[in-house]
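*Asks:* The structure that follows is given in the form of C-alpha cells.
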Amino acid sequence: MAQQFVKAQIKEDKVVVFLKPTCPFCVTAEKVLSKYRFKPGHLELVDISGRSDMNSMQDYFLEITGARTVPRVFIGEKCIGGGSDVEQLDRNGKLQGMLEQIGALQ
C-alpha cells in the first residue's frame, strides 16, 4: 500500500516532498522551495509522520532512492535527495532549471 501511495504522488510535471514537519532538513527543503513560484498543483508537500504505513514508506524510499530518510524530494520522477541536496542545487543555480524543465514554475 505504501508503494502504491508513493507511486501515485510522483508525477513527471510535479515536485513532491515527502516530509515530517518536525525534521529540520524537511524545513530546509520547504524553505528553499518556497522561494519559487509554482504553478497551482505542481508542488506537493506530503506529511508522512502520522501515517500507519510510514515505516513501509521509508523502506520503499530506501529501495528506490538509496536512503530511507526524509525529506525525499522528487523533481518529476527523479529523486534529487533531501534537504541539503535541495539547498545545494539552489545555491549552485541548478534547481530553477530543473523546475523549469518539468514545467512546474509559473
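*Asks:* Go through (1) closer than 16 Å to Gln4 by Cα; (2) of a type outside the set (A, V, I, L, M); (3) out of contact with any Asp or Glu (no Cβ under 8 Å at 6 or more places or on another chain); (4) in contact (Cβ under 8 Å) with a residue 60 or more places away in the chain and name the single condition Phe18 misses.
*Replies:* In the conditions (1) closer than 16 Å to Gln4 by Cα; (2) of a type outside the set (A, V, I, L, M); (3) out of contact with any Asp or Glu (no Cβ under 8 Å at 6 or more places or on another chain); (4) in contact (Cβ under 8 Å) with a residue 60 or more places away in the chain, Phe18 misses (4) alone.
*Asks:* Looking at (1) farther than 22 Å from Gln101 by Cβ; (2) touching a residue at least 40 places away in the same chain (Cβ under 8 Å), which is the only condition Phe74 fails?
*Replies:* The single condition Phe74 does not satisfy is (1).
*Asks:* Is there any pair with a first residue in the stretch 86-106 that is touching a residue at least 60 places away in the same chain (Cβ under 8 Å) and closer than 19 Å to Glu44 by Cβ and a second that is of a type in the set (A, V, I, L, M, F, W, C) and in a helix (DSSP H, G or I) whose Cβ atoms are under 7 Å apart and which are 6 or more apart or on different chains, and what are they?
*Replies:* Here the result reads Leu95/Val86; Leu95/Leu89; Leu105/Leu99, each pair linking the stretch 86-106 to a residue that is of a type in the set (A, V, I, L, M, F, W, C) and in a helix (DSSP H, G or I).
No lab work stands behind these numbers, since they all come straight from the coordinates. Because the structure is predicted, anything quoted here is derived from the model rather than measured. Glycine gets a Cβ as well: all are built from the backbone with ideal geometry, and neighbour counts include every protein chain shown.
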